1. Tell me, in nm to one decimal, what length is gained between GLN467 and LEU206 on full extension, where the rule is 0.36 nm per residue of separation less the Cα-Cα distance?
2. For a quick protection proxy, order the peptides 456-463, 82-89 by their average other-Cβ count within 10 Å, most packed first.
3. Pairs of alpha-carbon atoms within less than 8 angstrom and 6+ residues apart define the contacts here; what relative contact order does the chain have, in percent?
4. R0 = 56 Å: FRET efficiency of ASP325 with GLN80, Cβ-based, nearest 0.05?
5. Calculate log10 I(q)/I(0) of segment 321-384 for q = 0.27 Å⁻¹, where I(q) comes from the Debye formula with a single equal point scatterer on each Cα and nothing for solvent.
6. Among 360-368, 198-206, how do they line up by average Cβ neighbours within 10 Å per residue, starting with the highest?
7. Subtracting the Cα-Cα distance from 0.36 nm times the residue separation, let me have the gained length for SER460 to LYS214 in nm, one decimal.
8. Using only Cα atoms, find the angle between the long axis of helix 336-351 and the longest principal axis of the chain, and express it within 0 to 90 degrees, rounded to the nearest 10.
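The values are calculated or read from the model by the stated rules, or taken from the named source; none is laboratory data. This one's a predicted model, so the numbers in the text were calculated from it and none came from an experiment. All Cβ positions, glycine included, derive from the backbone under ideal geometry; neighbour counts span all protein chains shown. For accessibility, only protein heavy atoms count, side chains too; no ligands or nucleic acids. Shrake-Rupley method; radii C 1.70, N 1.55, O 1.52, S 1.80 Å.
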Amino acid sequence: MTLAETTNQTNSRNPFVHLKYEPALESLGNDYYDEVAAAEFPQHILRWRNDEVLPNLGLNPQTVTDEDFINAFGKFQERQPLLALRYHGYQFGEYNSGLGDGRGFLYGQVRGIDGELYDFGTKGSGRTPYSRGGDGMLTLKGGVREVLAAEALHSLGVRTSRCLTMIETGLSLWRGDEPSPTRSSVMVRMSRSHIRFGTFERSHYLRRPDLTQKLLDHVIEQYYHHLAAEPDKYALFYAELVKRVAELVAQWMAAGFCHAVLNTDNMSITGESFDYGPYAFIPTYDPYFTAAYFDYYRRYCYGHQPSICRLNLEMLQEPLKAIIDKADLDAGLAKFEEYYYAKYRSLMLKKLGFEQLQVPEVDDLLDLTIEFLQTSQVGYHQFFYEIARTFSIKWRNDPAFVLHDSDIAPASGASAIFDNWCLLYHKILNNFAPEQIDVIAATLSAANPKTALLRPVIESIWEPIAQEDNWQPFYELVQKLQSRS
């Protein structure tokens, strides 16, 4: 048997090759993308396969081999066309018309068993017309970081893309901030759409309202199909996008997550979080915490994320005004703060153990929580985990018992804010019957896992990879994130 015959026989059994790919975006025509070729790599080592997402694709993980992942997503066998999308974007407030998929492409679109359309998008798969002098590659560490970010956020209930697979490719990459070459990878992201705010902004820049109209109809048909028959579907679409984005940023804020690069080309039209570069989870509560070293003016710092996302929605109005009445756009955007605060309030209450809390002191409890976190600078994630770890029905008896068994508690009388917080938490607990205390304990445990993806944790698993090619700490960390332990 020849090599070609062996390859064809292998692919004939590859479940990824035989998924029912839908040409949804391809059907829009080449005004929105360029067909590209994938890079050829000297090596293919499967470093990550996300078996958690395979059942939603109708695949049994036990029947999918590592070689199936490599042939489909490392060698890109028997998959055409590969589409690099065209888009523009506001980057750090400045409009950039030279963007587009510069190191990735849309591999294909598949309908999950949940009925939703999912995109497989690559990162690190080679040059495209939009590489702007770059090599189109992804560092191995960058791939590792994105896998970890997606799994951590997913486990925390954030609406996020997932990483389907990551393959080390054997190339040595030079990066400006590294003194020596670094290893490379190609990653495949599974998201609810490859379309960005910047995809619409490009059509507006080209003065092509026809392209905007066509794209908007496509987005509603595929991702807001419950609105398709409504007479005011366009206004309803924007209003729902506002709600999705407001709730997404509330999820980030409650999770203590700083995306770091909230340019409009990094905003998904489905209101999903994706494309994790220099992100970070905050170690302590600091509104000015800035994840990206190049964000000199803290534009995208942790505390600015709600206002930046609102601004990006406002900027999206420019292309949408060709189809949607400005009054309808403004009415939709006007509810951003309401949606954001309702979601943030709900999520923070869950982190404090309360699914529902109908007492007058709710806002006081949240305000005191943030005030204590900010003034004390105790670990943000540690604080909530310690509430879950030490929680006891005894807290109903005496406020002195609240967090008494935790090292994060200040000495008695050392912090008036903390003492007031304990007193209020104790008072609120007494609104619940004893049999309801177990529900609060379960809510605390579910909302506050022990493992937090702080930068030192990432470095602690990267070092054995870099020094010894030891991946076991990485796999153990992913398992902890997925199991919320």
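1. 89.1 nm
2. Listed from highest to lowest mean packing, they are 82-89, 456-463.
3. With pairs under 8 Å counted, the relative contact order is 13 percent.
4. 0.85
5. Normalising to I(0) and taking log10 leaves -1.19.
6. Top to bottom by mean Cβ count within 10 Å: 198-206, 360-368.
7. Result for the pair: 83.8 nm of gain on full extension.
8. Helix 336-351 sits roughly 60 degrees off the main axis of the chain.
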